[in-house]
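K.L.:
I'd like to ask some things about the structure below.
The values are calculated or read from the model by the stated rules, or taken from the named source; none is laboratory data. Everything numeric in this text was worked out from a predicted model, so none of it was measured. Positions of Cβ are generated from backbone atoms using ideal geometry, with glycine treated the same way; all protein chains shown enter the neighbour counts.
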Amino acid sequence: MDQSIINSYNEAKKLYAAHGIQVDEVLEKLAQIKISLHCWQGDDVKGFLFKDKELSGGIAVTGSYSGRAGTPDELRKDLEKALSLIPGKHKVNLHAIYADTEEQVDLDKLEPRHFAPWVEWAKGQGLGLDFNPTCFSHPKAADGFTLSHADKEIRSFWIQHCKASRRIAEYFGRELGQPCVTNFWVPDGYKDTPVDRLAPRMRLKESLDEVFSEEIDPKFNIDAVESKLFGIGSESYVVGSHEFYMGYGLTRGKAICLDAGHFHPTEVISNKLSSILMFSEQLLLHVSRPVRWDSDHVVTMDDELLEIARELVRGDLLGRTNIGLDFFDGSINHIAAWVIGTRNTIKALLRAMLEPVAELKAVELAGDYTSRLALAEEFKSYPFGAVWDYYCASQNTPVREQWLAEVKRYEQEVLSAR
C-alpha cells in the first residue's frame, strides 16, 4: 500500500479518536455490509428468458451506450469486473427473466435448475444471490394487471410464477449459505381514475396470501413486498400502494421494501426507516436516485443517500436492513454505473459510521441544540476520504478514480467487440 495513504489514514484516525471513534473497528464493521448489485443494469432489463421482448409494466430504459451484456456469461463477466472495483464482498440481485437455460420455459414453470449456472458462479465468487419474480414484459401482463387481474386464470399464472420464484430463492439460500431476499413488485394499476379501488386490492391480497401459503425455510429466503406511487400507464391508481404493502407486510411478517423513487417527489424514505423498523423485523431498501420521481438514475452521494445511511447507523438498524441498488441507465458505460452507485452507497455508510453518534445523541438529550448543529456541521469536513482511500487499498480495490482507467480498458478490450 502506498505510504502516503497510510500516513493520511493514521492522521485521520487521530482526529476521529478524539471523539471516541475507533476507525479500525468501523472498517471491520463496514466490510461485513453486503450491497446487492442489480443484474438488470448490465443489459438494460432485457433478460435472457424471452428473445426480442419489449419492456412493459411502466419500465423504460433510456440511452443506447454500446457494450451491454447479451448472454448470461457476458453479464457474469461484467459483474465480476464491477465487483473487482468495489471494496467488500456483496450480493447479486437477479430477476426471473435472467434464467440461464436453453429450455423454452414460461415464467410459471421456472425451477431452480434453470438458475444452476448462476449458483455455481456465485459459489466461485463468494457471493450471495437475491431474487425477484418478473411480473412485467409478458403477454399475460399486457393490460397492466397481474396478481390483481380480474381474470382468475391470469391471476393463477402469476401466482404460480411467484410461488416458483420463492422455491428458486430458497434454493439460492440453501446452496450459498446465506438468505436470499425475494422481492415482490407488480405494476398493476389504472391510467385513469378507477371507480372501484377496493376490489383489485382485495384480489392482490388474496393472491399474495396464496403465494405465501407454501412453507419456505426463512433461514434461506426473506420475502419482501414493494409499493409504488404511480407509473407509466398507472398514473392515477396503483393497486400495491405504500399503505397497502405496509399493512400487508406488518400483518403477514414480510419485509417492507422502500424504493427511493417510489414516493411523492418531495417525500424521502430516510424519514421512514426508524418508524417501519419499530414494527417490522426486516426492511429492504432499493437505493436509487429519482431525478424526476422514479427515473432510476445512478446513485450519487447526495443529501438523501447520506440521510439514509445516517438513519441506519444512528438507529443501529443495519443488521435488520437489506440494501440493494435499483437503477438502469443505458446512457453511460454499464459497468461504470454499477461501480459509481455501489461505491457511493458504501461511502455514505462509512461517512455515517464516522460520525460521533453517541456524542451527538448526548447533547441532543441534554437540550444543547447548539452543540448538536455545530458538531454535525463540522464533521462534514472531517477527513473521511483518507479513511475511504485506506479501506479501498486494504480491500485490494482501486483508490479514488483509478478504477475508471480499468473500466475504460475493459470497454476497449471486451465491450467494444459486442
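K.L.:
Is it true that I323 is assigned by TED's automatic domain parsing to the domain that holds C257, under 23 Å from E25 (Cβ atoms), buried (at least 20 other Cβ atoms within 10 Å of the Cβ) and touching a residue at least 60 places away in the same chain (Cβ under 8 Å)?
P.N.:
yes
K.L.:
Sticking with this structure for a sec: I want to confirm something. Restricting to segment 271-289 and keeping residues that are surrounded by 19 or more Cβ atoms within 10 Å (Cβ to Cβ) and out of contact with any helix residue (DSSP H, G or I) (no Cβ under 9 Å at 6 or more places or on another chain), which single residue is farthest from S234 (Cα to Cα)?
P.N.:
My answer is L284.
K.L.:
Just one of (1) assigned to a helix (DSSP H, G or I); (2) within 23 Å of the chain's Cα centre (by Cα) trips up D108, so point out which.
P.N.:
Just one mismatch for D108, condition (2).
K.L.:
Additional query: Go through K123, K140, K163 for me and flag whichever is in a helix (DSSP H, G or I), assigned by TED's automatic domain parsing to the domain that holds V238, of a type in the set (K, R) and free of Cβ contacts under 8 Å to residues at least 24 places away in the same chain.
P.N.:
Residue meeting the stated conditions: K140.
K.L.:
Determine whether segment 252-270 contains at least one residue that is within 25 Å of A150 (Cβ to Cβ) and exposed (fewer than 15 other Cβ atoms within 10 Å of the Cβ).
P.N.:
Scanning segment 252-270 turns up at least one residue that is within 25 Å of A150 (Cβ to Cβ) and exposed (fewer than 15 other Cβ atoms within 10 Å of the Cβ).
Every residue, every condition in (1) touching a residue at least 24 places away in the same chain (Cβ under 8 Å); (2) farther than 27 Å from A309 by Cα; (3) more than 17 Å from the chain's Cα centre (by Cα), yes or no:
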{"position": "N221", "(1), (2), (3)": "yes, no, no"}
{"position": "S234", "(1), (2), (3)": "yes, yes, yes"}
{"position": "V238", "(1), (2), (3)": "yes, yes, yes"}
{"position": "F244", "(1), (2), (3)": "yes, no, yes"}
{"position": "G253", "(1), (2), (3)": "yes, no, yes"}
{"position": "T266", "(1), (2), (3)": "no, no, yes"}
{"position": "L273", "(1), (2), (3)": "yes, no, no"}
{"position": "S280", "(1), (2), (3)": "yes, no, yes"}
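K.L.:
Can you name the helices (runs of 4 or more DSSP H) wholly within segment 331-418 that have at least 3 residues being among the basic types (K, R)?
P.N.:
Qualifying helices (runs of 4 or more DSSP H): 334-353.
K.L.:
Output the residue which, of all residues in segment 288-307 that are in a loop (DSSP other than H, G, I, E, B) and among the aliphatic types (A, V, I, L, M), is farthest from I346 (Cα to Cα).
P.N.:
Out of the qualifying residues, it is V291.
K.L.:
Is there a residue in segment 319-330 that is in contact with a Cys (Cβ under 8 Å, 6 or more places away or on another chain), within 28 Å of E401 (Cα to Cα) and part of a strand (DSSP E or B)?
P.N.:
no
K.L.:
Separate question: Does segment 132-146 contain at least one residue that is over 30 Å from Y237 (Cβ atoms), surrounded by 23 or more Cβ atoms within 10 Å (Cβ to Cβ) and in contact with a helix residue (DSSP H, G or I) (Cβ under 7 Å, 6 or more places away or on another chain)?
P.N.:
Scanning segment 132-146, I find no residue that is over 30 Å from Y237 (Cβ atoms), surrounded by 23 or more Cβ atoms within 10 Å (Cβ to Cβ) and in contact with a helix residue (DSSP H, G or I) (Cβ under 7 Å, 6 or more places away or on another chain), so the answer is no.
K.L.:
Now a separate question. What number of residues within segment 220-239 satisfy the criterion of being assigned to a loop (DSSP other than H, G, I, E, B), in contact with an Asp or Glu (Cβ under 9 Å, 6 or more places away or on another chain) and not aliphatic (A, V, I, L, M)?
P.N.:
6
K.L.:
Okay, next question. Can you pull out the residues in segment 209-219 that are touching a residue at least 12 places away in the same chain (Cβ under 8 Å), in a loop (DSSP other than H, G, I, E, B) and of a type in the set (D, E, K, R)?
P.N.:
E214, D217, K219
K.L.:
Mind listing whichever residues of segment 115-170 are of a type in the set (A, V, I, L, M) and either under 16 Å from V181 (Cβ atoms) or modelled with pLDDT of 95 or more (or both)?
P.N.:
Listed by number, the residues that qualify are A116, V119, A122, L127, L129, L147, A150, I154, I159, A164, I168, A169.
K.L.:
Same structure again: Got a sec? Which of V414, V387 is under 27 Å from the mean Cα position of the chain (by Cα), β-branched (V, I, T) and over 23 Å from N10 (Cβ atoms)?
P.N.:
V414
K.L.:
Restricting to segment 260-280, count the residues that are modelled with pLDDT of 95 or more and of a type in the set (D, E, K, R).
P.N.:
Residues that pass the stated criteria total 1.
K.L.:
Okay, moving on. Go through segment 184-208 residue by residue and tally those that are touching a helix residue (DSSP H, G or I) at 6+ places or on another chain (Cβ under 9 Å), touching a residue at least 40 places away in the same chain (Cβ under 8 Å) and of a type outside the set (F, W, Y).
P.N.:
11
K.L.:
Please enumerate the residues belonging to segment 250-282 that are within 15 Å of W185 (Cβ to Cβ) and either of a type in the set (F, W, Y) or part of a strand (DSSP E or B) (or both).
P.N.:
Correct list: A255, I256, C257, L258, D259, F263.
K.L.:
So the check is Cβ under 6 Å with 6+ separation or different chains; which pairs have a first residue in segment 359-383 that's within 27 Å of R400 (Cβ to Cβ) and among the hydroxyl-bearing types (S, T, Y) and a second one that's in a helix (DSSP H, G or I) and at pLDDT below 95?
P.N.:
Within 6 Å, no pair qualifies.
Here is a yes/no grid of residues against (1) surrounded by fewer than 18 Cβ atoms within 10 Å (Cβ to Cβ); (2) within 17 Å of L306 (Cβ to Cβ):
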{"position": "W338", "(1), (2)": "no, no"}
{"position": "A348", "(1), (2)": "no, yes"}
{"position": "R351", "(1), (2)": "no, yes"}
{"position": "P356", "(1), (2)": "no, yes"}
{"position": "A366", "(1), (2)": "yes, no"}
{"position": "S371", "(1), (2)": "yes, no"}
{"position": "P383", "(1), (2)": "yes, yes"}
{"position": "V387", "(1), (2)": "no, yes"}
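K.L.:
Kindly list the number of the only condition in (1) closer than 30 Å to K91 by Cβ; (2) touching a residue at least 40 places away in the same chain (Cβ under 8 Å) that fails for A150.
P.N.:
(1)
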